[in-house]
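Colleague: After the structure tokens below, expect a handful of questions from me.
Please treat every number below as a calculation from the coordinates, not as lab data. Bear in mind that the values here come from a model prediction, so they are computed numbers and not experimental data. Here the Cβ is made from the backbone with ideal geometry for all residues, glycine too, and neighbour counts use every protein chain on show.
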Amino acid sequence: MDRATLDYRSFLVGWAVLLALWAFLSYIAGIPEYLLASPSRVGTYIQENGDTVGMAVWLTGSQAVVGWLAAVVLGLVSGTIIFQMSWARRALLPVVIATQTTPIIALAPLITLWFGYGWLAKAVISCVVAVFPVVMATYSGLADAKPTYIHLFKLAGASELSIFWNVRLKCAWSALIPALKTSVVLAVIGSVVAEFMGGNRGLGFLIMVATYGTKSDILLTSVIMSALLGQVFLLVLEYATKPFEKRFGQPH
């Protein structure tokens with residue numbers, strides 16, 4: 001049984017356990033509906049407001065996907081530059097770290113000021129949240145290439161580009177794959193948080209509306225959809241990276 005299948009089954013089992021616990025707390029423990037909406041109430045809300053929920057999921061998901069793709073490209077390029085050039089390491093690494101040590105709630109208004117309140121600003125915020133693992137995994141993975149392999153390739157007369165592609169990149173892949181998976185989940189978080197800053201659609205906006213209106217059914221719907229979004233992206237990435245794992249395995 002392959003790992004992707006195991007992850008898929010774990011996904012189903014995990015949600016089944018959560019649903020059972022949720023039903024127990026709602027129907028047997030008797031927690032009030034205003035504190036914890038029951039599964040049936042959430043299901044009714046989704047059925048009656050399917051278009052609104054669907055649009056919110058689409059908007060948040062599309063922002064996360066674009067933000068994540070931008071984070072992957074930016075992270076790979078930045079990580080490679082930081083590894084190759086010592087001056088870039090001194091100049092860029094503190095900036096990358098600063099984006100992570102500064103709360104995104106503090107950075108989001110600045111990004112909104114630059115890019116406006118629309119879709120693009122939220123995708124940029126998602127990118128900022130998601131880029132750090134990719135940068136660090138690329139840098140550390142390239143740096144951890146085994147000197148023995150590099151020496152053998154140099155003895156064979158290989159160029160620096162050939163060494164980078166056949167040795168360093170392959171050795172970096174084992175670090176990069178987990179970073180990409182972490183990054184895609186962070187991209188969803190960044191997209192939801194970005195919607196707190198403005199706009200009138202998206203899962204983050206629904207969470208804000210539900211919080212101020214103490215509407216637990218809307219709040220739970222939004223939280224569940226956000227969680228599903230991140231997990232579905234993770235499962236898709238699990239399947240998508242398998243061919244690359246075979247292509248970029250450790251050199252032998």
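Colleague: Modelled label-to-label distance, Leu110 and Ile28, 7 Å Cα→beta-carbon offset: nm?
Modeller: Taking the two extended label points, one gets 5.1 nm.
Colleague: How much length is gained on full extension from Val77 to Thr214, taking 0.36 nm per residue of separation minus their Cα-Cα distance?
Modeller: Length difference between fully extended and current span is 44.9 nm.
Colleague: Using packing as a proxy for protection, rank 224-236, 56-68 so that the peptide with the highest average count of other Cβ atoms within 10 Å comes first.
Modeller: Ranking the peptides 224-236, 56-68 by packing returns 56-68, 224-236.
Colleague: Under 15 Å from a point placed 7 Å out from the Cα of Ala20 along the Cα-to-Cβ direction: which residues of segment 209-233 have their backbone N that close?
Modeller: Label zone hits: none.
Colleague: So what are the ³J(HN,Hα) numbers for segment 63-70, from phi and the Karplus equation (6.51, -1.76, 1.60; θ = phi - 60°), rounded to whole Hz, Gly and Pro as x?
Modeller: 4, 5, 5, 5, x, 5, 4, 5
Colleague: In the neighborhood of Thr112, defined by Cβ-to-Cβ distances under 12 Å, what is the net charge if each Lys or Arg adds +1 and each Asp or Glu adds -1?
Modeller: 0
Colleague: Taking 7 Å along the Cα-to-C-beta vector as the label spot, tell me the Ala98-Ile46 distance in nanometres, rounded to one decimal.
Modeller: 4.3
Colleague: Same structure again: Highest first, please rank the peptides 172-179, 38-45 by the mean number of other Cβ atoms sitting within 10 Å of their residues.
Modeller: So the order, starting with the most tightly packed, is 172-179, 38-45.
Colleague: Still on this structure, please answer the following. Say R0 is 30 Å: what FRET efficiency, to the nearest 0.05, do Arg9 and Leu120 get from their beta-carbon distance?
Modeller: Calculated transfer efficiency: 0.20.
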